[in-house]
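To start, the structure under review is shown below, and the notes come after it.
The values are calculated or read from the model by the stated rules, or taken from the named source; none is laboratory data. Not measured: the values here are computed from a predicted model. Reconstructed Cβ throughout: ideal geometry from the backbone, glycine too, with neighbour counts over all protein chains shown.
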Amino acid sequence: MQPRRLIKTLLTLSSLLLAIMTTNTASAAQNYIGLRSGPAPAFPIVFEVTEFRELRPVSRRGSWLLVTDERNRGWIHVDDIHKIRSFPRDEMWKLINDARPGDTRLEFGLSSDEAYSFSIIGQVFSEKLYAAYTRGPEGRTSWSKLEAGVTREFGEIQDDIRLHWRAGLGYGMEGTDSTHWRLADDEPVWLGAGGVEAVWQVERYFEIGLRGDVSVTLDADTTTHTTASLVWRIRI
C-alpha cells in the first residue's frame, strides 16, 4: 500500500473512532428523568425524558405535576422539576411554591360516640401512613384507643373531593366502669381497625371530611364497634 493511501486510511479510521467516542460520551452524560403513570412513587415509570426535553405542565395534584411533550404524558414530583432544563426558572419556582404545603396532615375529629381524636397522616416511602389517638367521654366510663395503619385514595367525586380507605391495628383501653369495648376486666385489648372517608379540600391549607370507622376487638369475645366522624385537617 502506498504511504499516501495508508495515511489517508488511518486518518479516516481515526475520525470514525473519535466520532464514536464523542457520541458515547454525550449519551453517557445525559441525565434521564422518569415520568410515572400516577401522582405517587408507587406508580410505575411509563417513559423517560432527557433534561433538555421540552415539557408542558398540564395539571397538578398535591406535590405532583402532570407534564406532556405533546406525545406522551406522565407525573413528576415538584422536587424533581429542576432537573428539566426546559422549564423557565420563574415558572419552576411558582410550581414548587404552589405545590406546598406537602403531604403531611394534622387532623382533629369528633365522632358519633362523643369521642374526640387527634391524628397525623404522612407519606413514608411509597405508602401514606396514619397514627391516631381517640378519647371517649371523661370519667369512670372513659375509654381510649391508639391506632396506626395505612391509608390510600381509591376514587374521587370531584377534583376537590376524594375518597380514601384506611386499615390498621389499634390498642383499646377503658375505665373501671366502662363497657365500650365490653371487656371482662380492665386489661387493654388489641383492635383491628378500618374505615372509609370522603375528604373535601376547602382551600390550599384546609380540608374537611366525613369518615365511617369500624373497630373489632381481637380477643376471644370478639366485639364490633362502629362510628361516624367529622374531621378537620390542616396541611403542612
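Taking residue 222, is it touching a Ser or Thr at 6+ places or on another chain (Cβ under 9 Å), of a type in the set (S, T, N, Q) and either at pLDDT 95 or above or more than 26 Å from residue 105 (Cβ to Cβ) (or both)?
Answer is no for this residue.
Here is a yes/no grid of residues against (1) farther than 15 Å from residue 116 by Cα; (2) of a type in the set (S, T, N, Q); (3) assigned to a strand (DSSP E or B):
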residue	(1), (2), (3)
193	yes, no, yes
207	yes, no, yes
210	no, no, yes
213	no, no, yes
219	yes, no, no
226	no, yes, yes
229	no, yes, yes
233	no, no, yes
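Would you mention how many residues in the stretch 60-72 are closer than 23 Å to residue 123 by Cβ and not small (Gly, Ala, Ser)?
6
With the condition kept exactly as written, say whether any residue in the stretch 95-118 is touching a Leu at 6+ places or on another chain (Cβ under 6 Å) and within 30 Å of residue 180 (Cα to Cα).
Yes, the conditions are met somewhere in the stretch 95-118.
State yes or no: is residue 231 buried (at least 18 other Cβ atoms within 10 Å of the Cβ), within 20 Å of the chain's Cα centre (by Cα) and aliphatic (A, V, I, L, M)? Walk me through it before giving the result.
Working: buried (at least 18 other Cβ atoms within 10 Å of the Cβ): yes; within 20 Å of the chain's Cα centre (by Cα): yes; aliphatic (A, V, I, L, M): yes.
In short, yes.
Taking the stretch 152-172 on its own, how many of its residues are among the hydrophobic types (A, V, I, L, M, F, W, C) and buried (at least 19 other Cβ atoms within 10 Å of the Cβ)?
Of the residues in the stretch 152-172, 0 are among the hydrophobic types (A, V, I, L, M, F, W, C) and buried (at least 19 other Cβ atoms within 10 Å of the Cβ).
Conditions (1) closer than 15 Å to residue 211 by Cα; (2) of a type in the set (Ser, Thr, Tyr); (3) part of a strand (DSSP E or B), marked per residue:
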| position | (1), (2), (3) |
| --- | --- |
| 109 | yes, no, yes |
| 113 | yes, no, no |
| 119 | yes, yes, yes |
| 132 | yes, no, yes |
| 141 | no, yes, no |
| 152 | yes, no, yes |
